[in-house]
Amino acid sequence: MENKQEQWTSKLGFILAAAGSAIGLGAIWKLPYVAGTSGGGAFFLIFILFTIFIGLPLLLAEFTIGRHTQKEAISAYKTLAPGTQWHWIGKLGVGTSFLLLSFYSVVGGWIVIYLFRSLTGGLRGMKAEQFGQLFDSTISNPTLVIFAHFIFMLMTVLVVQGGVQKGIERSSKFMMPALFLLFLLIVFRSVTLDGASEGIRFFLMPDISLLTGETILFALGQAFFSLSLGVSIMVTYSSYLNSQESLPKSATSIVGLTIFISILAGLAIFPAVFAYGIEPAEGPPLIFIVLPAVFSSIPLGEFFFVLFMVLLLFATLTSAFSLLEMVVASITKGDNKKRKKATLVTGFLIFLMGIPSALSYGPMSDLLILGNNFFDSLDYVVSNIMLPLGALLISLFVPYRVKKAVIYEELTKGSNMNKHIFNIWYFLVKYIIPVVIILVFLNVLGIFDLF
Ligand code: TRP
């Protein structure tokens, strides 16, 4: 029996939910750090180019599959390629989302801890040097990190249980605009600091001589991660969209918002970092060590730090909703009676799966897999193998398994995309994207060296 799926109530709701999935730790936490160590403006420029010429076409490809079939990912591939093995793209996506959320939620938990601390004045009066130590003792405290990871998963479960409209769409419609507003405030504070201009220059003036083969590949991986591509999440999300809306327009808005937030993230962080003479440091430290230090020494700093943690929590939650929804939708297949229980059970399993990641900087830090702790190993497998593999399969599936006329019709529904643009898009998806992904893959596996 076919079930009628729930739908987004409006195009805006869809765009904000999809942008909510895209904008998260990738844009706000990882991008500034990678840019900070990989050439600043030059890295950022390459990231933007990949986002537009590879990310955007791939996003449109996922949208076409989802909206055309009106089904969650696994069923969508089954519908378009019945009797074949292509549905494994959907299954791979579900597995990848499950694993990704298990460690994503651990970082979500760290944010919960810092938000709680900043709200209760727990960071007050600390000296800049002490924040590094505080971060280490925080992420190595087993009870604290597991509890915070639990709280983050609980929040995610409660929203996703509410369903597509009442849960995900409603909370994204509130959280995303709040995120933009809070971000503008933070950026304003940051760029008006004495000495901010050096940070702005570092971030926005590309110095091409700083680029290396590795940086270019990082930028590509970052573009996939940042747009939530490769796990068919955007297939599932667009299956809740009716056929009057223009897919190219929605995709362009989502990519535009993601780029906009990435710029804001850089403008919030680098001027502050430079104004206080701090080196653009390493991943976790950048937000959890540098920012409290920076904010503790400026007027109203405590208030701005709370704001920053709130917006980071919102951004991380809306991404987590999409990861959980991807798994839940593959179980309920549109049957809303199963949603509450399916969400609770999968959420709990993901919580359990996340425990070794949560303990990776504490009691389990000695458990090394090829020299990395459990958290880093899992992140490596997911980000460098499973995501590009999924993206590659999708970029092969669309041009080679779906009729060109069907795709053309779907992409031009509710939109005035002209034939030339369509052909350029088709060419990118069919020839350019798979080749680029294969090169990245070979490079990651060390089989091929780009430079
Ligand atoms: N895009 C999110 C971020 O930047 C993370 C994310 C959510 C994701 N869903 C995904 C990444 C699917 C890859 C695939 O934080």
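The values are calculated or read from the model by the stated rules, or taken from the named source; none is laboratory data. Since the structure is predicted, the reported quantities are computational estimates derived from the model, not experimental observations. Cβ sites come from the backbone with ideal geometry, for glycine too, and all protein chains shown count toward neighbours. Accessible surface is based on the protein model in full, side chains and every heavy atom, while ligands, DNA and RNA are left aside. Shrake-Rupley method; radii C 1.70, N 1.55, O 1.52, S 1.80 Å.
Would you list TRP88, TRP425 from the most to the least accessible area, probe 1.4 Å?
Largest to smallest exposure gives the sequence TRP88, TRP425.
Let me spell out the model: positive unit charges on the Cβ of Lys and Arg, negative unit charges on the Cβ of Asp and Glu, origin at the Cα centre of the range 11-417. What dipole size does that give, in debye rounded to 20?
Taking the Cα centre of the range 11-417 as origin, the dipole is about 1660 debye.
Could you tell me the center-to-center distance, by alpha carbons, between the range 251-274 and the range 304-348 in angstrom?
24 Å
So which trypsin sites (Lys or Arg not before Pro) in the range 375-409 are both in a DSSP loop and have at most 15 other Cβ atoms within 10 Å of their Cβ?
Sparse-neighbourhood loop trypsin sites (Lys or Arg not before Pro): LYS403.
On C-alpha positions alone, give me the angle between the axis of helix 41-50 and the longest principal axis of the chain, in degrees, nearest 10.
Compared with the principal axis, the helix lies near 10 degrees.
Could you work out how far helix 11-22 tilts from the main Cα principal axis of the chain, as a 0 to 90 degree angle to the nearest 10?
Its long axis makes an angle of about 60 degrees.
Carbon-plus-sulfur fraction of the accessible area of the chain, 1.4 Å probe, in percent?
Using a 1.4 Å probe with all protein chains present, the chain comes out at 67 percent carbon and sulfur.
Quick check: with the 1.4 Å probe, what order do HIS68, HIS87, HIS149 take by accessible area, largest first?
From most accessible down to least: HIS68, HIS87, HIS149.
Rounded to whole Hz and in sequence order, give me ³J(HN,Hα) for the range 356-373 from the Karplus expression 6.51 cos²θ - 1.76 cosθ + 1.60, θ = phi - 60°, writing x for Gly and Pro.
Karplus-based 3J(HN,Hα) across the range 356-373 equals x, 5, 4, 8, 5, 9, x, x, 9, 5, 7, 7, 10, 10, 6, x, 10, 6 Hz.
VAL159: net charge of surrounding residues, Cβ under 11 Å, Lys/Arg +1, Asp/Glu -1, itself excluded?
Cβ neighbours under 11 Å give a net charge of 0.
Please arrange LYS30, LYS340, LYS78 by accessible surface area, largest first, computed with a 1.4 Å probe and ligands excluded.
LYS340, LYS78, LYS30
Over the range 137-245, average the accessible area per residue using a 1.4 Å probe and give it in Å², no decimals.
41 Å²
DSSP loop (so not H, G, I, E, B), at most 14 other Cβ within 10 Å: list which GluC sites (Glu not before Pro) in the range 243-350 pass both filters.
Qualifying residues, ordered by number: GLU282.
Tilt of helix 247-275 relative to the longest C-alpha principal axis of the chain, in degrees (0 to 90, nearest 10)?
For helix 247-275, the angle is close to 10 degrees.
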